[in-house]
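The values are calculated or read from the model by the stated rules, or taken from the named source; none is laboratory data. None of the values given here were measured: they were computed from a predicted structure. So basically every Cβ, Gly included, is an ideal-geometry build from the backbone, and we count neighbours across all protein chains shown. Calculation scope for accessible area: heavy atoms of the full protein, side chains included, ligands and nucleic acids excluded. Shrake-Rupley method; radii C 1.70, N 1.55, O 1.52, S 1.80 Å.
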Amino acid sequence: MINKMSKKYVYDFEEGDPKNKALFGGKGAGLALMTQAGLPVPPGFTITTDACRDFFQQRKQEIDEIVKQLEKGVPPQVRDELIKKLWGIIDTLSLPAGLMDEVREHMKKLEMKRGRKFGDKNNPLLVSVRSGAPVSMPGMMDTVLNLGLNDETVKGLAQQTNNERFAYDSYRRFLQLYGKIVLGIDDKKFDETLNKIKQKYNAKNDIDLDTNALKELVEEYKKIIREEKGEFIQDYWYQLEMAIKAVFRSWMNPRAIFYRIANKITPEIAGCTAVTVQSMVFGNMGMDSGTGVVFSRNVATGENEIYGEFLPNAQGEDVVAGIRTPMHISDLKERFPSLYQDLYKNLKMLEKVNKDVQDVEFTVEKGKLFFLQTRDAKMTPLARVKTAVDMAKEGILTKEEAILKVKPEHVLQLLYPKVDETSAPKPIAKGLAASPGAVYGQVVFDPDDAVEWAKRGKEVILVRVETKPDDVHGFYAAKGILTSRGGMTSHAAVVARGIGKTAVVGAEEIQIDYEKKEFRVNGVVIKEGDIITIDGNTGNVYLGKVPTVQPKVGGELQELLTWADQVRVLKVKANADVPEDARIAREYGAEGIGLLRIERMFRRPERLEKLRKVILSETTEERTAAMEELSEMIKKDFKEMLSIMDGLPVTIRLIDPPLHEFLPKPEELLRQIYEAKMSGASEDKIKDLEKLYKKVEALVEANPMMGHRGVRVGITFPEVYRGLTRAILEAQAELIKEGKNPIVQIMIPQVAIADEIKFVKEKAILPTAEEIQKKYEIKLNFKIGTMIETVRGAITADEIAKNVEFFSFGTNDLTQATFSFSRDDVENKFLPKYLELEILKNNPFEVIDEKGVGELVKIAVQKGRSVNPNIEIGVCGEHGGDPTSIEFFHKIGGIDYVSASPFRILVARLAAAHAAIKNKKSL
Ligand code: PEP
Ligand code: MG
């Protein structure tokens, strides 16, 4: 049971703790901060997240059960059923005991501060009731504005403000929000009625409706409520209670649940929403009033300029909903210069205090500025990097704080392609560049269709007039979003930036027809399924698929990475098998190649054929001869790779995969034999095929991943390892002769027993090196090392370390071996179930399993270093590019580098810096 005496649920803004977002929510904390810093904030109070938790606690188990099912992702029909059930349960909940008594006390204080009275017929106090989670979830939860209005108080408001039109405008807004949010009536019903009235009174926009039209609208809205949910209840205390409940409930609306899943917002990060109740100030009191959203810097480019939008004669939700395209903040500067100065000064102050770019909501009531909310802004990765670097240079952040501002994964988005302007056709339309990247896809007009099409493997662009929070599932499914209405702070823009989707918004020339599933622009008709390209860097929209280019690393990103390089302890190398990958890796700052998988060089048909000959040879002589030829073929590839990485170490792994992967499948050969016989092929041809079939069949293994592969091939056929070594070291020798500085490291895979290494060193690598040194009359320097990827290899790492100069953890195979999970099969088979049931928290092939695989790594590092202190140790499994795993590798100590795929090099550099900074802090 809730112990009322020990809990205080409600805090005035003056007494809230600006630092405690977990309790007050982002909005409550921001309002407390601004109030306490003396900014003009309409007074109010915050109901804590504790109250929300206690609210749901009443039937927590049943609720959690349903949320879990929704998380699994169920078909739309089941989803709707579950949500209905969930809301049925929530409707039975009552507010925690004593909460409304506290609310009444605080409302009294509010009345005193504003000199108005809640529900008063002459001088009514109106409030907003708003959600505010501990982390920002833009537009995902609900808000009710203008609460305190009914048939009587609306007259009082008209009198108080001497503005009847305004009073009824506020009342109709209240009825719509209350109807939608509290009573759950479909918003369309209100929108349709609004449109009808607009048509009737010949009004283009809502601001063109006069008092009579608004009065009629109010009656129509009440009628909708009556028909749907019974008579509109005039009791304002009842309305307040219901609104608080509705905001709590909105924590569990499907889009909020979905947003939390997609953004990995766990209950530990944000457990529930707070509610702020704030006295209203009015942006809809005429053209000297309005509402706006402003960022302390440009959230698209990161430029240090205040940036935002202002909508005259409007209320808060209008800007976010993208109902009218707002004016730029610079127009505000012209219209209200002193107000602009005030805004600017306070924004900069908030930025300093919060140590981040701020996203501020404000209202102007008859020329007077009020702050309604401040929070850390969501930005494009480009802006995130630029603002972090700039703020460090301005002394607002330390370099280390600046590094921590940029999530390692986000830098991937900076490498998103851009449209190649030099060869692109003329755009068909232009909107605002709301979220970067250039993507193409088939046009769809409905979020549900986006989900359906994506499921069928299609790439889609979701095209909407404007988007609402309910469309958010379509965002995740689409590759990009295009809207014809709304500004940079419209819902579509904010959400797309938040989840890293490319978006172009407010492309006003395009005319969308949902019925016909098409849009028109300058005489071109684009139908559902047609392909378009959108460029969120420029706002351009193109017909068809347009060529793109890869951006270069430069400017602030380069600077930030240099700072990151100064603090990180782990080196970063690349997994690269072909010259293209090696070039990218070097450009992105790789400190060498940590894994070159030799087998990728055998993909070309003539090489594969040679390799097959090697595998199928019957005598050592035959095999040696075939190997010589293959060796000659791949030597030039090594030369190219070593040249690209000149001066940096290149770790080349001797052949690793099971041999059957290089051979035709027995079934395929049987088919060929059958076809040869049917088509009357020659006896000889049939005999050859049958011979081949027999050989291939003899090589079939029940468990090829545990079979004849890796070092085991080097032991059974040392001539294979000799041939490979020859290609590598001849390449090195020739480059040295050419005056280059190739640094070679030869790596032996799949080792479980120290003597395996001894054998291949003595029988293959060293004698070959000897021969080559003689042949080229040169002294070669190269290191010999091994993969640690078998369990025995890890446990006997001390014995192994005596024979090698480096270790590289093959955490892919080590994970497979430790779990006995087939790395090729689990992801499509049972792993999803494990994750759903939380038997595993993460896919262990993505994020290192610290307790099992990680423990083996630790043991191997300690044992290896104990006998060979100078041994170089790295990680070259996929975990080498995963930030969480990188942090683990940093923490355990003794590891020198991680090796990641070329596009993850920047992620790894930054993640290694994060690990070093965080670890230092926790000392
Ligand atoms: C590994 O096993 O982690 C590894 C890097 O090798 P591969 O993925 O080629 O088996
Ligand atoms: Mg491996």
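Things to note:
- Low-density loop positions, chymotrypsin sites (Phe, Trp or Tyr not before Pro), the stretch 824-880 - DSSP coil, at most 15 other Cβ in 10 Å: Phe830
- Environment charge of Asp448, counting only residues whose C-beta is closer than 15 Å and scoring Lys/Arg +1, Asp/Glu -1: +1
- Enclosed volume per residue, in Å³, of the convex hull spanned by Cα atoms of the stretch 428-581: 154 Å³
- Both radii come from the Cα set of the stretch 816-923: Rg as radius of gyration, Rh as Kirkwood radius; their ratio Rg/Rh reads 0.99.
- Our analysis of the stretch 176-284 gives Rg over Rh at 1.05, with the two radii drawn from alpha carbon positions and Rh computed by the Kirkwood formula.
- Axis angle, to the nearest 10 degrees, between helix 605-616 and the longest C-alpha principal axis of the chain: 60 degrees.
- Applying the Kirkwood pairwise sum to the alpha-carbon positions of the stretch 30-125 produces a hydrodynamic radius of 16.7 angstrom.
- Its Cα gyration tensor gives the stretch 134-174 an equivalent ellipsoid. The semi-axes, each the square root of 5 times an eigenvalue, are 28, 9, 8 Å from largest down.
- Arg59 accessible area, 1.4 Å probe, all protein chains in place, Å² to nearest 10: 70 Å²
- Rounded, prolate or oblate (a/c below 1.5 giving rounded, otherwise prolate when a/b exceeds b/c) for the stretch 291-436 by Cα gyration tensor: oblate
- Calculated on the Cα set of the stretch 576-660, radius of gyration then Dmax: 14.4, 46 Å.
- When the trypsin sites (Lys or Arg not before Pro) in the stretch 90-186 are filtered for DSSP coil states and for at most 16 other beta-carbon atoms within 10 Å of their beta-carbon, the remaining sites are Lys121.
- Cβ charges +1 (Lys, Arg) and -1 (Asp, Glu), total dipole of the stretch 480-595, debye: 160 debye
- Counting charges near Glu228 (Lys, Arg +1; Asp, Glu -1) among other residues having Cβ under 14 Å from its Cβ returns a value of +1.
- Secondary-structure-derived ellipticity at 222 nm for the chain, considering helices only, amounts to -14000 deg cm²/dmol, per-run term -39500 (n - 2.57) for DSSP H runs with n ≥ 4.
- Cα long-axis angle, helix 666-678 against the chain (0 to 90 degrees, to the nearest 10): 70 degrees
- For the chain, share of DSSP beta bridges that run antiparallel, in % to the nearest 5: 60 percent
- Put simply, the Cα atoms of the stretch 763-885 extend 62, 30, 26 Å along their principal axes, the longest span coming first.
- Equivalent ellipsoid semi-axes - Cα gyration tensor, the stretch 703-795, angstrom: 27, 13, 11
- Cross-link pairs Lys189/Lys229; Lys613/Lys691; Lys8/Lys355 - those with Cα-Cα distance over 21 Å: Lys8/Lys355
- Disulfide-incompatible cysteines by the Cβ rule (no partner under 4.7 Å) in the chain: Cys876
- The shape of the stretch 97-183 comes out oblate: with a ≥ b ≥ c from the C-alpha gyration tensor, a/c is at least 1.5 while a/b does not beat b/c.
- Calculated over the stretch 264-372, the projected area of the Cα convex hull averaged across directions stands at 8.3 nm².
- Space enclosed by the convex hull of the alpha-carbon atoms of the chain, per residue, Å³: 205 Å³
- By accessible area with a 1.4 Å probe, ligands and nucleic acids excluded, highest first: order of Ser682, Ser484, Ser338: Ser338, Ser682, Ser484
- Size of electric dipole in the chain: Cβ of Lys, Arg +1 and of Asp, Glu -1, about Cα centre, debye, nearest 20: 1140 debye
- Lysines with Cα under 23 Å of Lys430, excluding same-chain neighbours fewer than 8 positions away: Lys418, Lys468, Lys479, Lys501, Lys516, Lys517, Lys527, Lys545
- Accessible solvent surface per residue of the chain, calculated while the other protein chains remain in place, 1.4 angstrom probe, Å²: 42 Å²
- Label-zone membership for the stretch 366-401, site Asp288, 7 angstrom Cα→C-beta point, backbone N under 14 Å: 366-369
- In Hz, Karplus ³J(HN,Hα) per residue of the stretch 423-436 (6.51, -1.76, 1.60; θ = phi - 60°; x = Gly, Pro): 10, 6, x, 5, x, 8, 7, 9, x, 8, 7, 8, 7, x
- Only protein heavy atoms count here; under a 1.4 Å probe, Lys468 has an accessible surface of about 70 Å².
- Cβ-Cβ distance of Ala625 and Asp420, R₀ of 41 Å, FRET efficiency by 1/(1 + (r/R0)^6): the value works out to about 0.25.
- FRET efficiency, Ile233 to Glu334 (Cβ-Cβ, R0 45 Å, nearest 0.05): 0.50
- For the stretch 273-319, the Cα-based Rg and Dmax, in that order, read 13.4, 35 Å.
- Electrostatic bookkeeping for Val494 treats Lys and Arg as +1 and Asp and Glu as -1; over the other residues with beta carbon under 11 Å from its beta carbon, the sum is +1.
- Of the accessible area of the chain, computed with a 1.4 Å probe over protein heavy atoms only, carbon and sulfur atoms account for 50 percent.
- The angle between the Cα long axis of helix 187-200 and the longest principal axis of the Cα atoms of the chain comes to about 50 degrees, rounded to the nearest 10.
- Where trypsin sites (Lys or Arg not before Pro) fall in DSSP loop in the stretch 191-252, at most 13 other Cβ within 10 Å: Lys204
- With 18 Å as the limit, the listed pairs Lys665/Lys694; Lys27/Lys407; Lys264/Lys841; Lys352/Lys393; Lys802/Lys863 have Lys27/Lys407 beyond it between alpha carbons.
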